[in-house]
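Every number in this text was worked out from the coordinates using simple rules, so none of it is lab data. Not measured: the values here are computed from a predicted model. In this analysis, Cβ positions are derived from the backbone assuming ideal geometry, glycine residues included, and neighbour counts consider all displayed protein chains.
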Amino acid sequence: MMSDPKSGNGGNTGNVGTAALACPDHGGPAAKAIEVDHIVKKYGDFTAVDGICFSVADGEIFGLLGPNGAGKSTLIRMMTTLIPITAGHARISGHDVAREPDKVRRVIGVIPQALTSDLDLTVEENLNIYAKLYDVPGHERKQAIDELLQIVDLTKWRGAQTKALSGGMRRRLEIARGLVHSPTIFFLDEPTTGLDPVSRVAVWEMLTNIRSHRQLTILLTTHYMDEADRLCDRIAIVDHGRLVALDTPVALKSSVPGSTVIEVQFENSPADWEQRLHGLGEVTSVQSEGAAMYRVLTSEGTRTTTELVEMSVRSGVRIRSLTVQNTTLDDVFVHYTGRQLRDELVKPLGFVMPPRPGMQP
Ligand SMILES: Nc1ncnc2c1ncn2[C@@H]1O[C@H](COP(=O)(O)OP(=O)(O)OP(=O)(O)O)[C@@H](O)[C@H]1O
Ligand SMILES: [Mg+2]
């Protein structure tokens, strides 16, 4: 239990920083690549996206961060014309998604959550097909593909069959494929889910590199805190179809009361221990993680740590481990949603094999 949960955060209407959650000023000076205005998606009686508003400036890397089922993919599908919007509006590069879907499709690149490149084609063939599909003129195609293969570091694999590639390489191929028609707005749904740590970092570097060389706005979804922190200029935290916070990673972290997290595990702690931890100097919240492990947020790391150790010695409670660190986006997530994101991460890569004909259900 978190002893100091954020209560009554006002749904989708604003509580963090300058990037207000109330509907943004669409007529403002900064050019807006993406504007989402009280957007809603209902599946029957179930509301998957519940009146979300945000806008993304030209050239920004914007992250939608949230656990499984938060509504991230549904938001992307609506913004990219793949599913109808139940209520509200989305404008991409000034074009209304519902009224001008073709204009929207011309300016966007989309990498869906599931891997979708054709396994029986070579890397180059996969890119070529998309270039043709998007009417990239013949004389520009080769140069565009050469350039993209270089950016995603697959030049020497251009003739390889896609099924021979690792997951990370396939993801990079899909990033190249999504850019083959030179879109100005790039949507990536969980670009690194299921990748090993080295491949994840490679994808981050590639996206940062692409953004610095092209005029490109990037909207990505993720449930990795470190990914959002490292890559995104601003982050929108989405939970149960609602926007609960939106700001830069730095501003989000500083919006959480307490600047330091003490993670401590005890060997034997009495029943009232959580309450006593909360009574230590400058503590803003105490969260029990089970197995006598606690996350203690404080605005005075040194003082609270000293008092915590003294209290444990006095009470004969042994400390098994203790770490002190700055607040992270994990703490931001807990603060705004009342629970941990990492509890909900158990999920395979978003690809489901279709059943084979004749197979028993
Ligand atoms: N076609 C559909 N019909 C009914 N419910 C749906 C449909 N698509 C999604 N949902 C539900 O809408 C909610 C949001 O789903 P969505 O796929 O957008 O979540 P997500 O944030 O992308 O999650 P994940 O991290 O698992 O990809 C979930 O509860 C999901 O079960
Ligand atoms: Mg999804």
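For the peptides 251-258, 96-103, what is the packing order when you average, over each peptide's residues, the other Cβ atoms within 10 Å and list the highest mean first?
Put in order of decreasing packing, that is 251-258, 96-103.
Need the list of aspartates and glutamates near K72 for cross-linking: C-alpha distance under 13 angstrom, and skip anything on the same chain fewer than eight residues off.
Hits, sequence-local ones excluded: D50, D189, E190, D239.
How would you rank 185-197, 233-245, highest first, on the average number of other Cβ atoms within 10 Å across their residues?
233-245, 185-197
Return, ordered by residue number, the residues of segment 48-92 whose backbone nitrogen is under 13 Å from a label point located 7 Å along Cα→Cβ of E100.
It comes to 90-92, nothing else.
Taking amide H positions as placed 1.01 Å from N in the peptide plane, with prolines and chain starts having none, which residues 5 or more places from I61, or on another chain, fall under 5 Å of its amide H?
Correct list: I218, D233, R234.
Which helices of the chain meet both criteria: a Cα extent of 18 Å or more along the helical axis and a mean Kyte-Doolittle score no lower than 0.0, with helices taken as whole DSSP H segments? Before the final figure, lay out each step's value.
Working: long enough: 138-151 (20 Å, -0.79); 197-213 (24 Å, 0.04); 301-315 (21 Å, -0.45).
Helix filter hits for the chain: 197-213.
Choose one of M225, H139, S212: the residue whose Cα lies farthest towards the positive end of the charge dipole of segment 116-226 (beta-carbon charges +1 Lys, Arg; -1 Asp, Glu; about the Cα centre).
The Cα lying farthest towards the positive end belongs to H139.
Can you sort H335, H38, H95, H89 so the residue with the fewest Cβ neighbours within 10 Å comes first?
H38, H89, H95, H335
Return the subset of K103/K142; K41/K132; K163/K253; K103/K253 for which the Cα-Cα distance in this structure is over 30 Å, preserving the input order.
K41/K132; K163/K253; K103/K253
To the nearest 20 debye, what charge dipole does the chain have about its Cα centre, counting +1 at the Cβ of each Lys and Arg and -1 at the Cβ of each Asp and Glu?
About 800 debye.
Which loop GluC sites (Glu not before Pro) in segment 239-306, with loop taken from DSSP, have no more than 14 other Cβ atoms within 10 angstrom of their Cβ?
Sparse-neighbourhood loop GluC sites (Glu not before Pro): E267.
Separation between the N209 and H278 pseudo-spin-labels, each 7 Å from Cα along Cα→Cβ, expressed in nm?
5.0 nm
What does the helix-only formula give at 222 nm for the chain: each DSSP H stretch with n ≥ 4 adding -39500 (n - 2.57), the total divided by the residues, and the result rounded to the nearest 500 deg cm²/dmol? Working shown, then result.
Details: 11 runs with 112 residues, N = 361.
Rounded to the nearest 500, the figure is -9000 deg cm²/dmol.
Each residue of segment 228-245 in order: what ³J(HN,Hα) in whole Hz does its phi give by Karplus 6.51 cos²θ - 1.76 cosθ + 1.60, θ = phi - 60°, with x for Gly and Pro?
Listing the rounded values in order: 4, 5, 6, 9, 8, 6, 9, 10, 10, 8, 10, 8, 6, x, 10, 8, 9, 6 Hz.
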